[in-house]
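Okay, structure first, notes after.
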Amino acid sequence: MNKFYTAVGRFQVKGRLQGMRCPQVVIGQQEYILDMQEMLLWSILNWRILELDELQTHYEAKERETGFLSHRPMEECLNRLIQRGLVADGTGETAADALYDLLSELYIVPISESPLLRTVSFIKLTVFQRVPFSVTKKIFGRDKRSEDEKKVMRLANQMILSTAELVKCFQQKAENLVSEEHMMDILYRDEYATSDNLAFMVRYFPECRPVVLSVANLYLRRQIIFERV
């Protein structure tokens, strides 16, 4: 049995508590405060898709790097993050099945592609935080996308869609989602399709594999984050 894990939500620092900055993870409009061990695990999984042994290796490396040790076992902390919805997990007989189970019901949010924001961020990292130019150039270089990846981004910029919903959009050859009503008609025009069974229904569509691979690759290249609604 294969099993994968990844992070959900976005990181932000908000305000100060007793002179210290307060790191949080935000999902939708909900703000979550994490303890140090939880934040360490969430950060490792952010923009990564890992099996348990890979996560354990990264976690132990971070322990050595930071000197942080917790009496709570890593897996206990991981299960708490899953229960809170801050980490997603997916299982399957094959790696492809596990990847689909992981991503199918997660919603896709593109990272802002504002040229001004990218320029300011580039200058901040390079000049003020002294991150090597070779590193920031790679981070902020224009992303080279396949045609399927471009379509995923176009649709995700129009409406917030889950991976399973993107598969249905591909299957219906949808290019422009002009309204929520239009989107709902595309997704659920089949009398048997519901929000509860859509992920199961589309997993055998021929469009499923290219969509899942596109979503995974965009995520690993830090072009999107995952949300829940």
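Points to keep in mind about this one:
- Label sites at I82 and Q30, each approximated as a point 7 angstrom past Cα along Cα to Cβ, lie 1.7 nm apart.
- Extending 7 Å from Cα along the Cβ direction at H71 and again at Q171 yields two label points whose distance is 5.2 nm.
- Among V202, V215, L187 - extreme Cα towards positive end, dipole of region 185-229, charges at beta-carbon: V215
- If the chain linking E51 and K14 were pulled fully straight, counting 0.36 nm for each residue of separation and taking away their Cα-Cα distance, it would gain 10.2 nm.
Values in this text are rule-based calculations from the coordinates and carry no lab data. What you see is a predicted model; the values in this text were computed from it and never measured. FYI the Cβ positions are ideal-geometry reconstructions off the backbone, even for glycines, and counts take in every protein chain you see.
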